[in-house]
Amino acid sequence: GGGGGGGGGEPGRRAAAPLLARGWPSDGATLGGTVADYAEMLDALDDALDVSSPLRADSPVSMQVLVAAAADRSQLLLKAEALLPSLLLRATPLFALRVLPSPLSQSLSPAAGRRRRATGWLTLEQSRKLVLLGEREPAASQVPLVGVWVTGEASLDSPYVWAATARFSRLAAPAVTKAGPGGAFLLLVYQTPPAGEPAPPPALYEVAPAQAVHPAAAHTLYGVSMAVPLPPPPPRLAE
């Protein structure tokens, strides 16, 4: 079978989960990608977690969907795969530090300001108040960063929140970050409330790397497969 890419997203950037057609596997069950497929996934992951560009709300992780059809058209095999760094992050709730008022922080106070996914950086000013910085704000390259802020999600259990924290964990230069012992940093979450409810105060967490899923591997490939029976074709009418 041949390969195909997905559309949409920003020009010149890979879609969140391209659909790739593959030949029917010889064992009739195990569907896998090619070396080129996984090389593209690595490129897409590096692109998604690149700290020099904004975190994409539509594809914060690298995914692909493989599909193969049986020769007799009796069933389809589908396999969804996600490639992630071999990194586990543990979040511990903290007593919230005060946030320095700014146009950015004030825009996130009402519920209406939290409907769109967004993230940025955290730094501390002299009185130990948290200062929110935008992703592309020039000051972010001039001050020590202590963590990230995130909004647009209802909980921590979100690929977007994970991607924002995983991306920050890749910032290892001491001149850029001011991480705590063991690489710990801060996460400030402006949670999106249910419709009609007021916005809760921002929640502060300490995020620290935990034991990797596969310590010897830089990345881990996750996948789930399913077979989909297809209805038989309608009988051909006699001419």
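Tabulated data for the structure shown
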read-out	value
Cα→Cβ-extended label distance, 7 Å offset, between residue 127 and residue 157, nm	3.9
R0 of 35 Å, Cβ-Cβ distance residue 210-residue 112: FRET efficiency to nearest 0.05	0.50
Heavy-atom accessible area order for 123, 30, largest first, 1.4 Å probe	30, 123
Whole-percent carbon and sulfur share, accessible surface of region 69-196, 1.4 Å	58
Residue 73 versus residue 29: modelled label distance in nm, points set 7 Å from Cα along the beta carbon direction	2.7
Protein-only accessible surface order, largest first, of 24, 121, 162 at 1.4 Å	24, 162, 121
Residue 37-residue 88 FRET efficiency (beta carbon distance; Förster radius 22 Å; 0.05 resolution)	0.30
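The values are calculated or read from the model by the stated rules, or taken from the named source; none is laboratory data. Keep in mind that this is a model prediction, so the values were computed, not measured. Note: ideal-geometry Cβ built from the backbone for every residue, glycine included; neighbour counts use all protein chains shown. Quick note on the areas: whole protein, heavy atoms, side chains included, nothing else; ligands and nucleic acids left out. Shrake-Rupley method; radii C 1.70, N 1.55, O 1.52, S 1.80 Å.
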